[in-house]
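Enquirer: My structure is below; once you've seen it, I'll send some questions.
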Amino acid sequence: MRVLLGAAGVALMAVGLSLLATGGQIKDVALWLIGSVVVHDAVIAPLVIATGLLLAVLPARGLLRGALVTAGCLTLIALPVLLAPGTPRNPSVLPLDYPRNWLLSLAAVAVITAAVPVARRLRARRWRPRRGGRHQGPPAPGPPDTPQVR
(Lines give C-alpha, C1' and ligand atoms only; values in the text may rest on other atoms or scores of the structure.)
Protein backbone atom coordinates (compact mmCIF):
# COMPACT_ATOMS: atom_id res chain seq x y z
CA MET A 1 0.00 0.00 0.00
CA ARG A 2 2.84 2.37 0.83
CA VAL A 3 4.51 1.74 -2.52
CA LEU A 4 1.21 2.28 -4.33
CA LEU A 5 0.62 5.60 -2.56
CA GLY A 6 4.20 6.68 -3.24
CA ALA A 7 3.85 5.84 -6.94
CA ALA A 8 0.59 7.81 -7.12
CA GLY A 9 2.30 10.80 -5.49
CA VAL A 10 5.22 10.65 -7.93
CA ALA A 11 2.78 10.41 -10.85
CA LEU A 12 0.85 13.45 -9.62
CA MET A 13 4.08 15.40 -9.18
CA ALA A 14 5.05 14.53 -12.77
CA VAL A 15 1.69 15.78 -14.00
CA GLY A 16 2.14 18.98 -12.02
CA LEU A 17 5.65 19.54 -13.38
CA SER A 18 4.50 18.98 -16.94
CA LEU A 19 1.61 21.44 -16.49
CA LEU A 20 4.01 23.94 -14.94
CA ALA A 21 6.50 23.59 -17.79
CA THR A 22 3.87 23.95 -20.51
CA GLY A 23 1.96 26.74 -18.76
CA GLY A 24 4.87 29.20 -18.73
CA GLN A 25 4.48 30.09 -15.05
CA ILE A 26 7.81 28.77 -13.80
CA LYS A 27 9.06 32.20 -12.70
CA ASP A 28 5.85 32.99 -10.83
CA VAL A 29 5.82 29.65 -9.04
CA ALA A 30 9.53 29.88 -8.18
CA LEU A 31 9.01 33.41 -6.81
CA TRP A 32 6.02 32.23 -4.75
CA LEU A 33 7.92 29.23 -3.36
CA ILE A 34 10.99 31.29 -2.44
CA GLY A 35 8.81 34.02 -0.94
CA SER A 36 6.86 31.54 1.16
CA VAL A 37 10.06 30.04 2.57
CA VAL A 38 11.45 33.48 3.38
CA VAL A 39 8.21 34.64 5.03
CA HIS A 40 8.01 31.44 7.05
CA ASP A 41 11.62 31.52 8.22
CA ALA A 42 11.87 35.28 8.78
CA VAL A 43 8.41 36.09 10.17
CA ILE A 44 6.16 33.18 11.10
CA ALA A 45 8.63 30.83 12.80
CA PRO A 46 10.20 33.53 15.04
CA LEU A 47 6.73 34.77 16.04
CA VAL A 48 5.58 31.26 16.92
CA ILE A 49 8.74 30.55 18.92
CA ALA A 50 8.53 33.88 20.79
CA THR A 51 4.86 33.33 21.56
CA GLY A 52 5.56 29.80 22.79
CA LEU A 53 8.30 31.08 25.08
CA LEU A 54 6.04 33.81 26.45
CA LEU A 55 3.22 31.33 27.06
CA ALA A 56 5.53 28.86 28.81
CA VAL A 57 5.09 30.66 32.13
CA LEU A 58 1.28 30.50 32.09
CA PRO A 59 -0.64 27.66 33.73
CA ALA A 60 -2.97 27.03 30.76
CA ARG A 61 -0.23 27.21 28.15
CA GLY A 62 -1.36 24.12 26.23
CA LEU A 63 -4.88 25.45 25.90
CA LEU A 64 -3.63 28.87 24.79
CA ARG A 65 -1.23 27.37 22.29
CA GLY A 66 -4.05 25.32 20.82
CA ALA A 67 -6.24 28.41 20.56
CA LEU A 68 -3.47 30.39 18.88
CA VAL A 69 -2.75 27.59 16.41
CA THR A 70 -6.46 27.39 15.59
CA ALA A 71 -6.69 31.16 15.15
CA GLY A 72 -3.60 31.11 12.96
CA CYS A 73 -5.05 28.38 10.75
CA LEU A 74 -8.33 30.25 10.43
CA THR A 75 -6.42 33.38 9.47
CA LEU A 76 -4.33 31.55 6.88
CA ILE A 77 -7.47 30.09 5.34
CA ALA A 78 -9.20 33.49 5.27
CA LEU A 79 -6.15 35.50 4.19
CA PRO A 80 -6.75 35.39 0.42
CA VAL A 81 -10.29 36.69 0.85
CA LEU A 82 -9.26 39.24 3.48
CA LEU A 83 -6.51 40.64 1.26
CA ALA A 84 -8.60 40.64 -1.94
CA PRO A 85 -8.74 44.20 -3.32
CA GLY A 86 -12.21 45.74 -3.56
CA THR A 87 -15.37 43.88 -4.39
CA PRO A 88 -15.56 41.44 -7.28
CA ARG A 89 -17.56 42.31 -10.40
CA ASN A 90 -19.59 39.16 -10.01
CA PRO A 91 -21.35 39.29 -6.61
CA SER A 92 -21.73 35.51 -6.53
CA VAL A 93 -17.94 35.05 -6.30
CA LEU A 94 -17.81 36.25 -2.70
CA PRO A 95 -21.44 36.31 -1.58
CA LEU A 96 -20.80 36.50 2.18
CA ASP A 97 -19.20 39.00 4.52
CA TYR A 98 -15.95 37.08 4.95
CA PRO A 99 -14.10 39.51 7.25
CA ARG A 100 -17.08 39.49 9.64
CA ASN A 101 -17.30 35.69 9.52
CA TRP A 102 -13.55 35.40 10.14
CA LEU A 103 -13.89 37.64 13.20
CA LEU A 104 -16.87 35.58 14.41
CA SER A 105 -14.80 32.41 14.05
CA LEU A 106 -11.96 33.95 16.05
CA ALA A 107 -14.47 35.07 18.68
CA ALA A 108 -15.82 31.51 18.89
CA VAL A 109 -12.27 30.21 19.44
CA ALA A 110 -11.74 32.80 22.19
CA VAL A 111 -15.03 31.96 23.91
CA ILE A 112 -14.35 28.22 23.84
CA THR A 113 -10.80 28.81 25.08
CA ALA A 114 -12.14 30.86 27.98
CA ALA A 115 -14.87 28.31 28.75
CA VAL A 116 -12.57 25.28 29.03
CA PRO A 117 -10.83 26.35 32.29
CA VAL A 118 -14.20 27.29 33.80
CA ALA A 119 -15.60 23.87 32.90
CA ARG A 120 -12.51 22.20 34.35
CA ARG A 121 -12.93 24.08 37.64
CA LEU A 122 -16.60 23.20 37.86
CA ARG A 123 -15.83 19.56 37.17
CA ALA A 124 -13.06 19.52 39.78
CA ARG A 125 -15.39 21.10 42.34
CA ARG A 126 -18.03 18.48 41.61
CA TRP A 127 -15.67 15.56 42.28
CA ARG A 128 -14.04 16.84 45.46
CA PRO A 129 -13.80 14.43 48.41
CA ARG A 130 -16.52 14.66 51.04
CA ARG A 131 -15.86 15.46 54.69
CA GLY A 132 -15.81 11.80 55.63
CA GLY A 133 -12.59 11.43 53.65
CA ARG A 134 -14.03 9.17 50.98
CA HIS A 135 -13.50 10.38 47.46
CA GLN A 136 -16.75 10.51 45.54
CA GLY A 137 -15.17 10.72 42.11
CA PRO A 138 -16.08 8.97 38.92
CA PRO A 139 -15.85 5.17 38.94
CA ALA A 140 -12.55 3.59 38.01
CA PRO A 141 -12.27 2.51 34.38
CA GLY A 142 -12.85 -1.09 33.52
CA PRO A 143 -15.57 -3.48 32.47
CA PRO A 144 -18.68 -3.19 34.67
CA ASP A 145 -18.78 -6.90 35.47
CA THR A 146 -15.34 -7.03 37.17
CA PRO A 147 -14.96 -5.82 40.76
CA GLN A 148 -12.89 -2.65 41.10
CA VAL A 149 -10.22 -2.40 43.77
CA ARG A 150 -9.68 1.03 45.23
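The values are calculated or read from the model by the stated rules, or taken from the named source; none is laboratory data. Bear in mind that the values here come from a model prediction, so they are computed numbers and not experimental data. Keep in mind that these areas ignore ligands, DNA and RNA; they rest on the heavy atoms of the full protein, side chains included. Shrake-Rupley method; radii C 1.70, N 1.55, O 1.52, S 1.80 Å.
Enquirer: Using a 1.4 Å probe, what is the accessible area per residue for region 9-136, in Å²?
Expert: Result: 82 Å² of accessible area for each residue.
Enquirer: On to the next question. To the nearest 10 Å², what's residue 92's accessible area with a 1.4 Å probe?
Expert: Its heavy atoms expose roughly 80 Å² to the probe.
Enquirer: Determine the share of region 1-62's accessible area contributed by carbon and sulfur atoms, expressed in whole percent, with a 1.4 angstrom probe.
Expert: That share works out to 79 percent.
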